[in-house]
Structures are given as C-alpha cells and as structure tokens.
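A short reminder: the numbers here are calculations on the coordinates, not readings from a lab. None of the values given here were measured: they were computed from a predicted structure. Here the Cβ is made from the backbone with ideal geometry for all residues, glycine too, and neighbour counts use every protein chain on show.
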Amino acid sequence: EPEVTQTPSHQVTQMGQEVILRCVPISNHLYFYWYRQILGQKVEFLVSFYNNEISEKSEIFDDRFSVERPDGSNFTLKIRSTKLEDSAMYFCASSAGTTPNEQFFGPGTRLTVL
Amino acid sequence: AQTVTQSQPEMSVQEAETVTLSCTYDTSESNYYLFWYKQPPSRQMILVIRQEAYKQQNATENRFSVNFQKAAKSFSLKISDSQLGDTAMYFCAFRVTGYSNTGKLIFGQGTTLQVKP
C-alpha cells in the first residue's frame, strides 16, 4: 500500500540554524500539506501546495518558512533561523484532490531546537 | 473563521465497553467535511471516519460511528466494543469543500482515550 514517508524521523538543531524536512508524498497525489504539532497540543495547518505553488498558508508560516518540490517526488519544508518555539512534530500529508479525497499523513519528523 | 472544539481532554473506557467522544465546530460554510483522526503513541495520523455535511445519514465504519447534528454543529464519535488498540489521541477535524478550497484541515485540541483491560 502506498504511503507518505518523511525523513529524518528526528532532527536536532541549534537555534539560528537552518533545517530541511523532507517528505515523499504518494506518487499520483497532487496536493501537499505541512502541519505541525507542538507536544501535547493540537495539529496546526502550516501550508498547502498545488501545481508548484503555495495555495494557502497560515500565520505560523512566516518568512522563515519555505516549501519546495524540487524534483517531482520530494516535498520539502525549510525553516531558516530556527527558534526554540519551532520545536514540534512536523507532519507532511498528500491527497489526490481536495475533496473528498483523504489526506494521507506521513509518520512525522520531530524537530528539536536547542 | 472555522473552529473545532473538543471539550474532553482525557477519557477512559473499559475494554468491550462503548465510549463517545465529543466535538463541536463553528463555521458559516454550508458545505464541508468532518473527520475523526486517530493518533496512537507512534504519532502516525490515521483517518478513522469522515462525514459529508450534506448527508443526513451518519457515517459508520465497523465499530466506529458518528452522531452528526448539523444544526447544533456537533460531531461525536462513538466507539463500540472498545479494544486495547483503540488507545490513542483522537482528533476531530473540519475541511471546507468548494472550488476555491485548498483542502486544509482544521483540527480540534484532541481527546486522549485510554482503554483499560
């Protein structure tokens, strides 16, 4: 069964550094998403991406964040100048369409900013 | 703006018993979908069940069923014959439909369910 994969499973970085979180969505999917979950809190939408551009982003997705689909298979989230409050679990999701298609989630990347 | 509220941070149930998790939402939209996702300790998000707002019939998936009250903006999840593997955090989520929607999910705060042997 096809699945969304994410690497690394855990990333530790120093405050102020840049990190890149990687996702490989399901191959025939067209819509891609990043969500984050601070430990013990709810899952929050960061950004949606379709047709090689951002279709929507939340207030959390500030100028330090960017997304890219560099090679038609990977979908990356880059965070520049990381802050302590960026520490969270980051989930990638993909879907074949917007509705009613299910969003399939990856296992997440735990980001720890020290 | 849409909001989703889960007022029960934690619940527990005995194995084989039935439990109901509550969810309310607020929206001015008329067309939308509602979902329940399960997040076990592995942290993987798994879709449990979904409900289209235009459908009056409540969705059912094996031991999982919903009570969708559109006028009250309520969407509860009932788990029958609870199993130890149902222990997880459960998130209620909302998504607008329509041509311009981007498919983003809006989640509630989650309810941690503990199934006891």
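Descriptive notes on the structure:
- For residue B:47, net neighbour charge (Lys/Arg +1, Asp/Glu -1) across residues whose Cβ lies under 10 Å away: 0
- Scaled to the globular estimate 2.2 N^0.38 Å, the Cα spread of the protein assembly as shown, given as radius of gyration, is 1.02.
- FRET efficiency for residue A:52 and residue A:14, using Cβ-Cβ distance with R0 set to 25 Å, rounded to 0.05: 0.20
- With 31 Å as the limit on Cα-Cα distance, the pairs of A:78/B:78; B:55/B:116; A:42/B:116; A:42/B:78; A:83/B:70; A:42/A:83 that go past it are A:78/B:78; B:55/B:116; A:83/B:70.
- Computed log10 I(q)/I(0) for the stretch A:5-113 at 0.11, 0.12, 0.20 Å⁻¹: -0.30, -0.36, -1.03, from the Debye equation with unit scatterers placed on every C-alpha and solvent omitted.
- Rounded to the nearest 20, the Cβ-based charge dipole of the stretch B:20-86 about its Cα centre (Lys and Arg +1, Asp and Glu -1) stands at 20 debye.
- Karplus (6.51, -1.76, 1.60) ³J(HN,Hα), θ = phi - 60°, over the stretch B:24-33, in Hz, Gly and Pro reported as x: 10, 9, 9, 7, 9, 6, 9, 10, 6, 10
- Normalised per residue, the volume of the convex hull around the Cα set of chain B (Å³): 98 Å³
- Sum of side-chain charges, residue B:101 neighbourhood, beta-carbon under 10 Å (Lys, Arg +1; Asp, Glu -1): 0
- Virtual spin-label span in nm between residue B:46 and residue A:60, 7 Å along Cα→Cβ: 2.3 nm
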